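Q: Here you go, one structure.
The values are calculated or read from the model by the stated rules, or taken from the named source; none is laboratory data. Just so you know, these numbers come straight off a predicted model, no measurement behind them. So basically every Cβ, Gly included, is an ideal-geometry build from the backbone, and we count neighbours across all protein chains shown. Areas reflect the complete protein model, heavy atoms only, side chains present, ligands, DNA and RNA absent. Shrake-Rupley method; radii C 1.70, N 1.55, O 1.52, S 1.80 Å.
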Amino acid sequence: MITIEKTSVEGIVIENVSRRNFLQGMLSASAFVLCVGKSPLLAKAARNGAPVVGAPAVGMGSVPEIDATAFHPGVFLGIQPDGTVLIVAHRTEMGNGVRTSLPRIVADELDADWARVKVIQGDGDERYGSQDTDGSHSVREFFDTLREAGATARLMLIRAAAQQWGVAEAECVADPVHVVSHKTSKRTLGYGELASLAAKQPVPKKEELQLKSPSEWRYIGKPAPGYDVTDVCAGKPVFGMDVRVDGMLYAAIAHPPVLGGKVKSVDDAAALKVKGVKQTIPISPFTPPHHFQPLGGVAVIADNTWSAFKGRKNLKIEWDNGANASYTSSEYKKQLQETARKPGKAVHTNGDPDAEFAKGGKVIEAEYYAPHLAHASMEPPVAVADVQADKVTVWSPTQNPQGVQEEVAKALGIKKEDVTCHVTFLGGGFGRKSKPDYAVEAAVLSKKTGKPVKVVWSREDDIKFDYYHSVAAMYIKAAVDDKGMPKAWVQRSVFPTIGSTFDKDAIYGSAGEMALGWNVIPFDVPNFRSENGPAVNHVRIGWLRSVANIYHAFAVQTFANELAYAAGKDPYDYLLALLGTGRMVDADQPKDIAGKYPYDTTRLRHVAEIAADKAGWGKKKSGNGWGMGMAVHRSFLTYVASVVEVEVDGTGAVTIPRVTTAVDAGIVANPDMVLSQFQGAAVFGTSIARTGEITATSGVIDQSNFNDYPVARMNDAPVHVDVHIVESSAAPAGVGEPGVPPMAPAICNAIYAATGKRVRELPLTRNGFA
């Protein structure tokens, strides 16, 4: 195991150049915070949590010491006198590739030699801008900012060289070999040689920067392996479970089995007899809304993980399970479905669907259902916290280090800036690890014990006490013309909202949730209305990879397939007819998003055409246990189409020989990372469709481990996943999540093509398929 020692933070003074109206003291998605001299953030990132000699630093491998004469033109970037370029990755690496994609954007505009770049993991700090690695917006949100960071440093290096040579700035150019050249004399100076002089240059105004044209990019848009791939293969990266600090204790927590439950009584005598157990500590129940507070319960403190788990097992606790003990998912499902059959609150309306339905004619309707899901990442929640007076240091595999700072500060009654959060590698996240309740638990227990504490959740803890992806019941009906095309379409979605995490009275979906594939559809239907019905939550609800897009895409894309068969049309041909020739959809997007990312169904149609062509749609007749299914969906501003091929044997066993996906995500920073994300999304989506289901009885979650909450094994996963990336000059969009939503409907549509049996309820195991 890697040992991490506690270190102090070196204070560093910088000169803020806000007098030029370019610096505001903080970074936002559209502003680059510059400073002259040493960057305190860069120094913190390289020094805080530094390891003992010979061990890699938390989550970032070997990092050179910050040199006093280094050039640090901004919070993301530094150049050492030896020419080493230090670039901070301020977002979290969990297999999503941000530690490669984001630094390469900087390096491209800097004209740096990638072989001489060292990537440093940033600690939690608001001066980086948002560090919440959720919502597939890392590249999208920081693409321009990071380009400006690199271009600023490049211009300052050029000006330093011109000053050194006594020539005009226009005569100098940065070459893609880590040097500045003089065009006439062919003299060169390396970036390291220029570092100290460049640090003395005035920071350029934004309008002085000359960003590269796409034709000049060397890294952006070009495939590259992950920055850490060699270390990962050698087992070198430090994950949250690997962190150790001197004098650390271990904690396992007995959480209330029902959300909102409390301890009535506890007998810890048997627990305290376990060798290694030091004490037990009660944790106060949360005050609604639960937000990211600890769930409460009893913590067993020990000098090793095994003793903590064994001691917890020996606790004898009587629980008061509270109001949510009435929650049984099978009965709740009926309530949701009944609500979905009744008129709900209108979300978006075009035309007059009620008037069209009143005319009579053929109406097709269907109901759909998707259950709760757990994140089930390979590394369960874990965190180490060390409280020293009014200062706290946390090491955590977190998707949101600023969230850790905020929630720990709130729980301990201290200032956010007094909480340092070091980000380790994540063994998977999928949205679970942006919720820092487990880090708060570690901080609370460290304060109570006076020592560093490592909280470790078991797999059972992870499954039973998750922030679950919401269950949803949906109803759709359409009035069709004599060609089977919809004249009117009404859809209704009912689910306990994520908003209930932050507002105990929230019963309707938020605007954000309704915008995830439900408030509008991409189809050319003249009369349309989307609705939302109320639902009370009984478990913690949180975002999971692609969020409400999962169940909304399942319903909409399955229903479109049903309409095709009802019309006697080929599903692909019918889908193209639904999409029409192309138009801009009023998607109720914020103005700043709508202006940069209009909802263009031409792009959705294009990916559908690519996926169908590459999959060989129509070359083989479906039936007799073989079939193809298609689904298209726009999420996180990215357009995706997936064609799934299935084989179903006489027992209902399903295999997936191939998935063909086409994706238009605008400008792509690193195609290798996009490929990986969509291959992973195909497996993730397959797990959801095949077996993903969380249920509850009397408020207690029924599942506990991979035996009853299975994820796709090798024999369950698609055999081949082909990903085709559309070359585009459009603004960069998301890639981490958009591959998930089309998978479940495409699989279910393929099963119908193969067997004639329609799946309207997930997972497949509830429909006789295995």
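Q: Does residue 383 count as touching a Phe, Trp or Tyr at 6+ places or on another chain (Cβ under 9 Å), of a type in the set (Gly, Ala, Ser) and surrounded by 21 or more Cβ atoms within 10 Å (Cβ to Cβ)?
A: It is true that residue 383 is touching a Phe, Trp or Tyr at 6+ places or on another chain (Cβ under 9 Å), of a type in the set (Gly, Ala, Ser) and surrounded by 21 or more Cβ atoms within 10 Å (Cβ to Cβ).
Q: Being open to solvent by less than 50 Å² (accessible area, probe 1.4 Å), under 22 Å from residue 241 (Cα atoms) and under 23 Å from the mean Cα position of the chain (by Cα) is the filter here, so list the residues in region 287-306 that pass it.
A: 292, 294
Q: Looking at residue 199 and the list (1) in contact with a Phe, Trp or Tyr (Cβ under 6 Å, 6 or more places away or on another chain); (2) at pLDDT 95 or above; (3) open to solvent by 10 Å² or more (accessible area, probe 1.4 Å); (4) more than 26 Å from residue 406 (Cβ to Cβ), which single condition is not satisfied?
A: Of the numbered conditions (1) in contact with a Phe, Trp or Tyr (Cβ under 6 Å, 6 or more places away or on another chain); (2) at pLDDT 95 or above; (3) open to solvent by 10 Å² or more (accessible area, probe 1.4 Å); (4) more than 26 Å from residue 406 (Cβ to Cβ), the odd one out for residue 199 is (2).
Q: Additional query: So, in region 702-737, how many residues would count as being in contact with a strand residue (DSSP E or B) (Cβ under 6 Å, 6 or more places away or on another chain), open to solvent by less than 50 Å² (accessible area, probe 1.4 Å) and aliphatic (A, V, I, L, M)?
A: 4
Q: If I ask for residues that are open to solvent by 10 Å² or more (accessible area, probe 1.4 Å), within 18 Å of residue 104 (Cα to Cα) and of a type in the set (Val, Ile, Thr), which ones from region 662-689 would you list?
A: Selection gives 667, 668.
Q: Output the residues belonging to region 586-606 that are more than 30 Å from residue 620 (Cα to Cα) and either out of contact with any Lys or Arg (no Cβ under 9 Å at 6 or more places or on another chain) or at pLDDT below 95 (or both).
A: If the condition is that a residue be more than 30 Å from residue 620 (Cα to Cα) and either out of contact with any Lys or Arg (no Cβ under 9 Å at 6 or more places or on another chain) or at pLDDT below 95 (or both), then 586, 587, 588, 589, 590, 591, 592, 593, 594, 595, 596, 598 are the ones that fit.
Q: Continuing with this model, one more query. Identify all residues within region 458-495 that are in a loop (DSSP other than H, G, I, E, B) and either touching a Pro at 6+ places or on another chain (Cβ under 7 Å) or closer than 30 Å to residue 377 by Cβ (or both); write none if there are none.
A: 458, 465, 466, 467, 470, 471, 495
Q: From the list 106, 119, pick out the single residue that is modelled with pLDDT of 95 or more and out of contact with any Lys or Arg (no Cβ under 7 Å at 6 or more places or on another chain).
A: 106
Q: Still on this structure, I have one more. Condition first: at pLDDT 95 or above, out of contact with any strand residue (DSSP E or B) (no Cβ under 6 Å at 6 or more places or on another chain), under 30 Å from residue 707 (Cα atoms) and not hydrophobic (A, V, I, L, M, F, W, C). Can you find one or more residues in region 360-374 that meet it?
A: yes
Q: Would you mind telling me which numbered condition in (1) in contact (Cβ under 8 Å) with a residue 40 or more places away in the chain; (2) closer than 27 Å to residue 405 by Cβ; (3) among the hydrophobic types (A, V, I, L, M, F, W, C) residue 309 fails?
A: Exception for residue 309: condition (2).
Q: Considering only region 252-286, state which residues are open to solvent by 10 Å² or more (accessible area, probe 1.4 Å), under 21 Å from residue 462 (Cα atoms), among the small types (Gly, Ala, Ser) and not in a loop (DSSP other than H, G, I, E, B).
A: Scanning region 252-286 gives a single hit, 254.
Q: Taking residue 405 as meeting all but one of (1) part of a strand (DSSP E or B); (2) open to solvent by 10 Å² or more (accessible area, probe 1.4 Å); (3) closer than 19 Å to residue 92 by Cα, write down the number of the exception.
A: Of (1) part of a strand (DSSP E or B); (2) open to solvent by 10 Å² or more (accessible area, probe 1.4 Å); (3) closer than 19 Å to residue 92 by Cα, only one is false for residue 405: (1).
Q: Next question. Given the residues 133, 184, 152, which is the only one that is part of a loop (DSSP other than H, G, I, E, B) and surrounded by 20 or more Cβ atoms within 10 Å (Cβ to Cβ)?
A: 133
Q: Now, a different point. Considering 356, 367, which residue is open to solvent by 30 Å² or more (accessible area, probe 1.4 Å), touching a residue at least 40 places away in the same chain (Cβ under 8 Å) and either under 20 Å from residue 761 (Cβ atoms) or not in a loop (DSSP other than H, G, I, E, B) (or both)?
A: None of the other options fit; the residue is 367.
Q: Just to be sure I understand the filter: pairs with C-beta atoms under 7 Å, separated by 6 or more residues or on different chains, first member in region 278-297 and free of Cβ contacts under 8 Å to residues at least 60 places away in the same chain, second member surrounded by fewer than 17 Cβ atoms within 10 Å (Cβ to Cβ) and polar (S, T, N, Q). Which pairs pass?
A: 296/284
Q: Can you name the residue in region 481-505 that is under 23 Å from the mean Cα position of the chain (by Cα) and open to solvent by less than 10 Å² (accessible area, probe 1.4 Å) and is also farthest from residue 346 (Cα to Cα) among such residues?
A: The extreme case among them is 501.
Q: Whether any residue in region 583-590 is farther than 16 Å from residue 750 by Cα, touching a residue at least 60 places away in the same chain (Cβ under 8 Å) and open to solvent by less than 40 Å² (accessible area, probe 1.4 Å) is what I want to check.
A: yes
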